[in-house]
Amino acid sequence: MAGAARTPAFGQAVIGPPGSGKTTYCLGMSEFLRAMGRRVAVVNLDPANEGLPYECAVDVSELVGLSDVMDALRLGPNGGLLYCMEYLEANLDWLRAKLDPLRGHYFLFDCPGQVELCTHHGSLRSIFSQMAQMPHTLTAVHLVDSHYCTDPAKFISVLCTSLATMLHVELPHVNLLSKMDLIEHYGKLAFNLDYYTEVLDLSYLLDHLASDPFFRHYRQLNEKLVQLIEDYSLVSFIPLNIQDKESVQRVLQAVDKANGYCFGVQEQRSLEAMMSAAMGADFHFSSTLGIQEKYLAPSDQSVEQEAMDL
């Protein structure tokens with residue numbers, strides 16, 4: 001019927017710093033969704049992505065290529081990517097024309113890894129905002145490499161970046177600690193995993209930093225950063241191993257709850273799923289303790305003893 005409201009398309013905007021596993025996530029999540037029976041379209045919005053491992057429904061390099069921009073405008077990789085996103089923002093009709101024939105699909109948008117695009121540059125946020133008018137109902141899925149948990153200074157930096165991204169992108173947001181199966185390859189955790197996923201009392205991290213002669217001089221700065229993170233109280237993480245179906249399922253439940261997909265008619269709804277979304281309760285989730293036992297080797301020392309050693 002003419003003038004009828006269009007059914008919104010659901011999807012994920014996959015963001016995060018370079019090397020955090022965004023493209024691998026899109027591949028694994030697309031395969032998982034197809035196995036569930038969803039029609040999936042993966043959209044590559046990163047003009048620097050080459051040799052894509054997944055079946056790409058739309059590729060931004062058809063509109064603008066990073067190497068062409070760098071050669072023509074004599075820009076480096078960072079400036080070239082910013083220009084490409086500004087060019088896509090100015091030519092969003094091209095993207096709209098590519099997405100319209102894919103109505104009824106669930107979208108995965110593989111976004112560039114430039115941190116500034118998600119923290120203060122306006123192009124990517126503008127693209128997401130205009131896509132909401134198409135309408136597309138998106139959740140920002142922000143991947144962070146889990147090995148940052150092994151270094152208190154890096155983890156505080158990750159928390160600041162994650163918070164800035166959440167405030168800037170202005171989408172429903174899910175933060176992930178990716179590559180959980182590799183977390184202990186970079187060192188041992190000073191605390192249990194739930195300390196990092198739930199972002200518990202960060203004063204303990206300050207004590208760790210104070211033991212380092214370099215960071216001791218910046219204690220007041222670190223205290224203010226920690227206070228800012230705790231005042232907003234927005235950041236938390238879901239651990240992810242993209243090769244583990246239970247882990248992917250847990251992430252998908254959080255994403256579907258964030259963008260409202262679980263309230264739609266696309267899939268058969270169960271009482272458990274509806275109550276989980278409405279009440280914030282997950283009746284059969286794998287606890288963080290279970291994840292820790294699965295991916296982290298047991299220690300003979302207590303957490304307090306390990307903290308003293310560090």
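The values are calculated or read from the model by the stated rules, or taken from the named source; none is laboratory data. Because the structure is a prediction, the values reported are computed rather than measured. Positions of Cβ are generated from backbone atoms using ideal geometry, with glycine treated the same way; all protein chains shown enter the neighbour counts. Ligands, DNA and RNA are excluded from the accessible area calculation, which covers all protein heavy atoms including side chains. Shrake-Rupley method; radii C 1.70, N 1.55, O 1.52, S 1.80 Å.
When each of the peptides 196-207, 67-78, 10-21 is scored by how many other beta carbons lie within 10 Å of its residues on average, the order from highest to lowest is 10-21, 196-207, 67-78. Taking all protein chains together and a 1.4 Å probe, the residues 142, 105, 120 rank 120, 105, 142 from largest to smallest accessible area.
Here the stretch 28-121 has 47 percent of its accessible surface on carbon and sulfur atoms, given a 1.4 Å probe and all protein chains in place.
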